[in-house]
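Engineer: Attaching a single structure in structure tokens format; questions to follow.
The values are calculated or read from the model by the stated rules, or taken from the named source; none is laboratory data. Nothing here was measured: the structure is a model prediction, and the numbers come from that model. Every residue, glycine among them, receives a Cβ derived from its backbone with ideal geometry; neighbour counts consider all protein chains shown.
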Amino acid sequence: MSLSKPRILFFNPVRHALAAYEALHAVTTPEVVTSKSRSEFFADLQTKYHDIQAIYRTSASGVIAGRFDKEFINRLPSSLKFICHNGAGYDQIDIDACAQRNITVTYAPDPVTGATADLTIFLLLGAIRQLNPSFTNLRKGNFKTGLAFGHDPQGKTLGILGMGRIGREVNRRARPFGLSVIYHNRNPLSDELADGCPYVSFDQLLQSSDIISVHVPLSAATKHLIGAAEIAKMKPGVVIINTARGAIIDEAAMATALDEGHIAAVGLDVYEREPLIDERLVKNERALLIPHLGTHTTETLAKMESLAMENARRGVCGEELLTIVPEQLPNGS
């Protein structure tokens, strides 16, 4: 009798990298979860999912499972050794709880970089040019009437908060528009990675930037990193762009400052309590709002799916994983 193939449970169906998904069948048993709720999934773990070895998840997996918090992790069977996340941000997963259960977590950082940087530039240009009111007015039949003037990007200072993969790509894309770019990171980058972009302190970035673009990961240390006190330090008329995680900014404080005019405009792809958005942002036409579409392209999603599946395949087949989350690497970074 042949041994059964290792089981990989998909919390979301693969929609783009279909060839890679079909190829998985040669060495594993991939299947899409049928549980309709967190409680039903916990019950199913006692029966049909009792021997799963890997979980494939996306940022949308919470619809069924909720957060992969300590309770969730501790309910997983002892056979489960890998959680393979399809995305760069994995704040929905309790990494400490996984480590305690000897579960390795992987993520997909590289594929998201270009698409997210592209959307950042779209939001930046749209916000600084105050384009959002024109979208609404045009559809109301008001052609170029009652619109405030925007600004050119040339000569403005763009402050990049978080100079990781995406921040560096935003820097590269911003320069042809004549923006002067500065950055703040936990630590200064090498000259090669900084690519001529000056390092400044957090307060310097807040005080000097005409536009601030957020690219730090969400953690206990970065939640509400930008709140009312930090916004007060910013230039009057500052523009804020966020394609990272909504909770890095105190959304209520940002909405207040936008209504009061201290913030001239915002370009947002992420929100503190998604899918809920502060009603004041929704009503303010100077808020250019996108429903978390940073990686929402067929090409990018296919690459993300492929990488997450390859990590899952490697894990259950005993091969070296490609992209383990930094906290679980030997040096912790």
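Engineer: Which of the following residues is in contact with a Lys or Arg (Cβ under 6 Å, 6 or more places away or on another chain), charged (D, E, K, R) and buried (at least 16 other Cβ atoms within 10 Å of the Cβ): Asp118, Asp94?
Structural biologist: Working: Asp118 fails: in contact with a Lys or Arg (Cβ under 6 Å, 6 or more places away or on another chain).
Going through Asp118, Asp94 in turn, the sole match is Asp94.
Engineer: Oh, and also: Within the bounds of the stretch 298-321, is there any residue that is in contact with a helix residue (DSSP H, G or I) (Cβ under 6 Å, 6 or more places away or on another chain), closer than 25 Å to Arg186 by Cα and touching a residue at least 40 places away in the same chain (Cβ under 8 Å)?
Structural biologist: Within the stretch 298-321, not a single residue is in contact with a helix residue (DSSP H, G or I) (Cβ under 6 Å, 6 or more places away or on another chain), closer than 25 Å to Arg186 by Cα and touching a residue at least 40 places away in the same chain (Cβ under 8 Å).
Engineer: Let me ask something additional. Which ones in the stretch 255-292 are of a type in the set (Val, Ile, Thr) and touching a strand residue (DSSP E or B) at 6+ places or on another chain (Cβ under 8 Å)?
Structural biologist: From the stretch 255-292, those of a type in the set (Val, Ile, Thr) are 256, 263, 266, 270, 277, 282, 290; that's our starting set.
Selection gives Ile263, Val266, Val270, Ile277, Val282, Ile290.
Engineer: Is it the case, given these coordinates, that Leu119 is in the same structural domain as Leu218 (by TED's automatic domain parsing), assigned to a helix (DSSP H, G or I), within 30 Å of Val14 (Cβ to Cβ) and at pLDDT 95 or above? Please lay out each step first, then the result.
Structural biologist: Values: in the same structural domain as Leu218 (by TED's automatic domain parsing): yes; assigned to a helix (DSSP H, G or I): yes; within 30 Å of Val14 (Cβ to Cβ): yes; at pLDDT 95 or above: yes.
So Leu119 fits the description; yes.
Engineer: Looking at Leu9, is it touching a strand residue (DSSP E or B) at 6+ places or on another chain (Cβ under 8 Å), part of a loop (DSSP other than H, G, I, E, B) and either in contact (Cβ under 8 Å) with a residue 40 or more places away in the chain or not hydroxyl-bearing (Ser, Thr, Tyr) (or both)? Can you show your working first?
Structural biologist: Values: touching a strand residue (DSSP E or B) at 6+ places or on another chain (Cβ under 8 Å): yes; part of a loop (DSSP other than H, G, I, E, B): no; either in contact (Cβ under 8 Å) with a residue 40 or more places away in the chain or not hydroxyl-bearing (Ser, Thr, Tyr) (or both): yes.
When the stated conditions are applied, Leu9 does not pass them.
Engineer: Evaluate the following for Tyr271: is it in the same structural domain as Ser180 (by TED's automatic domain parsing), among the aromatic types (Phe, Trp, Tyr) and closer than 19 Å to Leu158 by Cα?
Structural biologist: Here the answer is no, as Tyr271 does not meet what is asked.
Engineer: Considering only residues that are over 24 Å from Ile83 (Cα atoms) and over 22 Å from the mean Cα position of the chain (by Cα), which ones fall in the stretch 280-325? Write out each step before concluding.
Structural biologist: Filtering the stretch 280-325 down to residues over 24 Å from Ile83 (Cα atoms) leaves 280-291.
Result: Arg280, Lys283, Asn284, Glu285, Arg286.
Engineer: Give Ile248, Ile241, Ile290 a once-over and let me know the one that is out of contact with any Cys (no Cβ under 7 Å at 6 or more places or on another chain), surrounded by fewer than 19 Cβ atoms within 10 Å (Cβ to Cβ) and modelled with pLDDT of 95 or more. Lay out the reasoning, then the answer.
Structural biologist: On the way: Ile248 fails: surrounded by fewer than 19 Cβ atoms within 10 Å (Cβ to Cβ); Ile241 fails: surrounded by fewer than 19 Cβ atoms within 10 Å (Cβ to Cβ).
The conditions single out Ile290.
Engineer: Ser333 versus (1) in contact with a Pro (Cβ under 8 Å, 6 or more places away or on another chain); (2) exposed (fewer than 14 other Cβ atoms within 10 Å of the Cβ); (3) modelled with pLDDT of 95 or more: which is the lone unmet condition?
Structural biologist: Result: Ser333 fails condition (3) only.
Conditions (1) charged (D, E, K, R); (2) in a helix (DSSP H, G or I), marked per residue:
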site	(1), (2)
Ser219	no, no
Lys223	yes, no
Ala257	no, yes
Leu281	no, yes
Glu285	yes, no
Ala302	no, yes
Ser306	no, yes
Asn311	no, yes
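Engineer: Another one. Based on what the data block shows, is Ala108 buried (at least 22 other Cβ atoms within 10 Å of the Cβ), touching a residue at least 40 places away in the same chain (Cβ under 8 Å) and part of a loop (DSSP other than H, G, I, E, B)? Before the answer, list the steps.
Structural biologist: Working: buried (at least 22 other Cβ atoms within 10 Å of the Cβ): yes; touching a residue at least 40 places away in the same chain (Cβ under 8 Å): yes; part of a loop (DSSP other than H, G, I, E, B): yes.
It is true that Ala108 is buried (at least 22 other Cβ atoms within 10 Å of the Cβ), touching a residue at least 40 places away in the same chain (Cβ under 8 Å) and part of a loop (DSSP other than H, G, I, E, B).
Engineer: Quick one: is Thr243 under 21 Å from Ile166 (Cβ atoms), in the same structural domain as Leu161 (by TED's automatic domain parsing) and in contact (Cβ under 8 Å) with a residue 40 or more places away in the chain?
Structural biologist: Working: under 21 Å from Ile166 (Cβ atoms): yes; in the same structural domain as Leu161 (by TED's automatic domain parsing): yes; in contact (Cβ under 8 Å) with a residue 40 or more places away in the chain: yes.
In short, yes.
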